[in-house]
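Since every read-out is calculated from the coordinates, none of them should be taken as a lab result. Since this is a predicted model, take the numbers as computed values, not measurements. Don't worry about glycine lacking a Cβ; one is built from the backbone with ideal geometry, like all the others, and counts go over all protein chains shown.
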Amino acid sequence: MSSVAEPTGTGRASDEITTGFPVAGPPRFDSIDAVRNGLADVQYLADDGISGVVFLADRLAKPVLVEGPAGTGKTELAKSVARLTGSRLIRLQCYEGLDESKALYEWNYKKQLLRIQADSGQAWQQLEEDIFSEEFLLTRPLLEAIKSTEPVVLLIDEVDRVELETEALLLEILSEYQVSIPELGTVRASQIPLVFLTSNNTRELSEALKRRCLYLHIDYPQLDRERAIIEARVPGISQALADQVARIVRSIRTLDLKKSPSVSETLDWARTLVVLGVESIDAEQAKDTLHILLKYRSDIDRAAKELVGVESPD
Ligand SMILES: Nc1ncnc2c1ncn2[C@@H]1O[C@H](COP(=O)(O)OP(=O)(O)O)[C@@H](O)[C@H]1O
Ligand SMILES: [Mg+2]
């Protein structure tokens, strides 16, 4: 159970962790293979690197910092792990200007005001206790994750967008899994959630945050994995077409482009081809649909030149 302790200020509770490390709960996964297979069951195709880090994150009770280009499955990994473990997904979407009141909690001023107006006869002290109780607290994702009594996967998405102070706040929460609310006391997590922080690398994160986390870099997938992703995520696609799409995307990624196609764009392209009833891609069809895969005119022109070599197998 999560507990709201009285704000006694008298130091450590007797049952507090003494090793300095959060204690992991019962293991969620038996092995690295179990992670990979379980993720495949929920249509997320992971390689050994990804499944290994997820396995360790659980055993070591450490957050995972996932970096890599956009559209390579960082956010989807957290969602898939939640699905796989039957956990509730709590998402904190980061943006510039995100602060404590949106990440952690804030008091519901309007409701407090109404309460004060509604009850004029009460002594101030009683009223104060009343309006600073849980009923008047608006919990935001971080507190929600800590309070939760059911299993949680906490996704702190695009953490590179927040300012350094907010990053420090996140770090504090992630090292202690507790939140201290001056008027209310300390809320301690009854279980360590699985935490994923994603970053698109728009700025360097602090050393302290990196130290706290396991690091996972997700790059564009290898050919086999991308083919498997296409087959898993594009209903009705033939193996042959999935293979062709994966190969063409792979060769396009070797070009010097402004923006390489991501996995999500590969999937959009594959879906487009299925909708158009294409069974095997020829150069002409590829050129006509390149705008699904690439988003810059110069990239499209460059790829179109390369594609002259693509011929239908028959
Ligand atoms: N390993 C994977 N297995 C299955 N689908 C994937 C995988 N990687 C990416 N995808 C697909 O690509 C889409 C974009 O991934 P997303 O997690 O939103 O990217 P990111 O957060 O890295 O920008 C997902 O919705 C999913 O359909
Ligand atoms: Mg994302």
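Some points to look at:
- Rounded to the nearest whole Hz, the Karplus-based 3J(HN,Hα) values (6.51 cos²θ - 1.76 cosθ + 1.60, θ = phi - 60°) of segment 57-66 follow the sequence 4, 5, 5, 9, 6, 10, x, 10, 9, 9, with x at glycine and proline.
- log₁₀ of I(q)/I(0) at q = 0.15, 0.16, 0.19 Å⁻¹ - segment 179-247, Debye sum with one point per alpha carbon: -0.78, -0.81, -0.90
- By the count of other C-beta atoms within 10 Å, a proxy for reagent exposure, Tyr296, Tyr105 are ordered fewest to most as Tyr296, Tyr105.
- Taking Phe29, Phe136 and counting other C-beta atoms within 10 Å, the order from fewest to most: Phe136, Phe29
- Comparing segment 223-306 with the 2.2 N^0.38 Å rule of thumb, its C-alpha radius of gyration ratio is 0.98 (two decimals).
- In terms of other Cβ atoms within 10 Å, Trp124, Trp269 run from fewest to most in the order Trp124, Trp269.
- Selected from Ala123, Ala78, Ala232 as most flexible by GNM, with the chain as the system and alpha-carbon contacts under 10 Å: Ala123
- Candidate lysines for bridging to Lys147, where Cα separation is under 26 Å - those fewer than 8 sequence places away on the same chain excluded: Lys62, Lys74, Lys79, Lys102, Lys110, Lys111, Lys210
- With contacts taken as Cα pairs under 8 Å at a separation of at least 6 residues, segment 223-306 carries a relative contact order of 31 percent.
- Amide proton proximity set for Leu89, modelled H, under 5 Å, gap of 5+: Val153
- Sequence-distant lysines (8 or more away, or on other chains) whose Cα lies within less than 19 Å of Lys305: Lys258, Lys259, Lys287, Lys295
- Taking the C-alpha atoms only, the angle from helix 297-306 to the longest principal axis of the chain is near 40 degrees.
- Rounded to the nearest 500, the helix-only mean residue ellipticity at 222 nm of the chain stands at -13500 deg cm²/dmol, with each DSSP H run of n ≥ 4 adding -39,500 (n - 2.57).
- Segment 190-220-segment 76-147 distance, computed between alpha-carbon centres (Å): 24
- Value of D in µm² per second that Stokes-Einstein yields for segment 254-298, Kirkwood Rh from Cα pairs, at 25 °C (0.890 mPa s): 220
- Segment 136-266: radius of gyration over Cα atoms, expressed as a fraction of 2.2 N^0.38 Å: 1.44
- Axis of helix 239-253 versus longest Cα principal axis of the chain: the two differ by about 80°, to the nearest ten degrees.
- Longest to shortest principal axis, alpha-carbon extents of the chain, angstrom: 86, 45, 36
- When trypsin sites (Lys or Arg not before Pro) are flagged only if DSSP places them in a loop and at most 16 other Cβ atoms lie within 10 Å, the longest unflagged stretch of the chain comes out as 13-202.
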